[in-house]
1. Would you point out the residue of region 256-266, among those that are open to solvent by less than 50 Å² (accessible area, probe 1.4 Å) and assigned to a helix (DSSP H, G or I), that is farthest from VAL340 (Cα to Cα)?
2. What are the residues in region 225-274 that are touching a residue at least 40 places away in the same chain (Cβ under 8 Å), among the polar types (S, T, N, Q) and under 24 Å from LEU300 (Cα atoms), if any?
3. For the structure I just gave you, tell me whether PRO270 is modelled with pLDDT under 85 and part of a loop (DSSP other than H, G, I, E, B).
4. I'm checking my understanding of the structure. Among residues of region 300-309 that are assigned to a loop (DSSP other than H, G, I, E, B) and within 18 Å of ILE264 (Cβ to Cβ), which one is modelled with the highest pLDDT?
5. Yes or no: VAL158 open to solvent by 20 Å² or more (accessible area, probe 1.4 Å), at pLDDT below 90, of a type outside the set (Lys, Arg) and over 28 Å from GLU266 (Cα atoms)?
6. Among the residues of region 95-105, is there at least one that is modelled with pLDDT under 90, open to solvent by 10 Å² or more (accessible area, probe 1.4 Å) and touching a Leu at 6+ places or on another chain (Cβ under 9 Å)?
7. Among (1) modelled with pLDDT of 80 or more; (2) buried (at least 19 other Cβ atoms within 10 Å of the Cβ), there is one condition ALA170 misses while meeting the rest; what is its number?
8. Suppose we filter PRO253, PRO245, PRO232, PRO192 for residues that are in contact with a helix residue (DSSP H, G or I) (Cβ under 8 Å, 6 or more places away or on another chain), open to solvent by less than 10 Å² (accessible area, probe 1.4 Å) and either part of a loop (DSSP other than H, G, I, E, B) or at pLDDT 85 or above (or both); which single one remains?
Amino acid sequence: MADTYTPEPTGSGLRATVQRIGGKMAGMVMPNIGAFIAWGLITALFIPTGWLPNKDLAELVDPMIKFLLPLLIGYTGGRLVHGQRGAVVGAVATVGIVVGADVPMFLGAMIMGPLAAYLIKLFDGLVQERVRTGFEMLVDNFSAGIIGGAMAVAGHLVIGPIMNTFSDWAGDGVSWLVDHDVLPLTSLLIEPAKVLFLNNAVNHGVLGPLGVQQAAEHGKSVLFMLESNPGPGLGVLLAYWFFGPRRLRPSVPAATIIHFFGGIHEIYFPYILMKPRMILAAIAGGMTGVAIFVATGVGLVATPSPGSIFAYLAQTPRGVGNWIGVYTGLFASAAVSFGVGAALLGFGRLAEPKDEESAAEDELEEAKERTAENKAAAKKAAGGTAKETAAS
């Protein structure tokens with residue numbers, strides 16, 4: 001359930017609506033965080049630039065990121081809407097958008113899974129009282145198959161192309177900022193695009209090719225660091241570790257290691273989806289890092305893949321100035337992201353909004369404490385009065 005990870009916000013304003021949407025998105029992703037960690041470990045270990053390069057085992061990476069993880073998200077989203085039937089239909093519908101896609105369809109899965117489940121829920125409500133005895137299983141199975149299959153086709157023909165177009169637009173926006181020499185502002189698009197799992201499209205589709213051209217001319221390029229900088233994600237995870245919901249803190253250290261040392265940035269995206277306001281921390285950290293990179297004139301010699309601290313160490317060109325500029329920007333971005341993230345979490349006060357029942361219990365405990373203090377004060381005062389009477 002989504003409210004297992006983030007309480008359902010009250011109210012009908014824009015802020016509550018965004019929080020509610022973010023909570024539902026987190027409810028689809030967070031139950032599958034173990035699968036993300038498994039994929040992250042396999043990627044960090046076995047890809048050609050990993051710790052233990054293995055061509056055969058590296059073949060697990062693409063099927064997991066393109067098929068397994070989106071299907072799990074679609075399945076979970078469908079389950080949130082209409083139980084097991086919604087989960088099955090949601091998974092079937094998700095297949096339609098992941099087949100043939102150039103980028104991982106996480107955002108598409110978050111749309112197709114709940115949408116398909118909602119349609120089967122509407123159908124069940126319409127026919128629930130009209131199915132003759134003995135035909136329930138037949139109607140249930142064929143309705144799920146027909147609706148799931150139809151949504152898979154619709155997803156492949158309609159939703160998939162829309163998601164690809166959205167990905168292209170995000171890349172075009174970053175290209176415009178690069179062309180107009182306002183690189184720090186690229187974080188306004190890059191960080192939200194990353195959280196929507198468009199990081200590979202932005203990095204390898206836009207920034208990588210442009211960076212290769214610059215590196216061929218100048219021996220290095222700052223474009224390699226705009227998306228791959230692990231600093232903002234590190235700051236967000238540290239903010240969650242110290243000030244996030246207590247039930248999530250035990251999962252943060254492993255995610256931090258996979259993100260910073262393994263370079264698998266996708267591991268921190270669900271933490272931002274859970275509380276959408278945390279994207280401001282990533283943006284602030286990203287802009288800080290890029291501003292320092294530009295001011296010091298540094299860059300990397302090639303794309304750090306994956307974007308880990310070790311990949312940065314391997315791709316940093318020789319020269320003290322390069323090393324100072326790169327790692328000052330990286331750790332400054334982490335520090336700013338951590339500070340802003342901690343403030344957005346209220347330094348722990350806003351991490352876990354209290355419901356009415358827990359608030360009432362706290363008020364009751366406070367009232368009991370005040371009563372006990374008043375009794376103690378009254379007893380002390382009475383004792384003092386008795387002593388004065390005896391002395392007189």
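The values are calculated or read from the model by the stated rules, or taken from the named source; none is laboratory data. Note that the structure is a prediction, hence the values are computed from the model and not measured. With ideal geometry, Cβ positions are generated from the backbone for all residues, glycine too; neighbour counts draw on all protein chains shown. The area values use the complete protein model at the heavy-atom level, side chains included, leaving out ligands, DNA and RNA. Shrake-Rupley method; radii C 1.70, N 1.55, O 1.52, S 1.80 Å.
1. Checking each candidate, the answer is ILE258.
2. Scanning region 225-274 gives SER228, ASN229.
3. It is false that PRO270 is modelled with pLDDT under 85 and part of a loop (DSSP other than H, G, I, E, B).
4. Checked region 300-309; the qualifying residue modelled with the highest pLDDT is SER308.
5. no
6. Yes, region 95-105 has at least one match.
7. Going through the list (1) modelled with pLDDT of 80 or more; (2) buried (at least 19 other Cβ atoms within 10 Å of the Cβ), ALA170 breaks only (1).
8. Step by step, each of PRO253, PRO245, PRO232, PRO192 is checked, and only PRO232 is in contact with a helix residue (DSSP H, G or I) (Cβ under 8 Å, 6 or more places away or on another chain), open to solvent by less than 10 Å² (accessible area, probe 1.4 Å) and either part of a loop (DSSP other than H, G, I, E, B) or at pLDDT 85 or above (or both).
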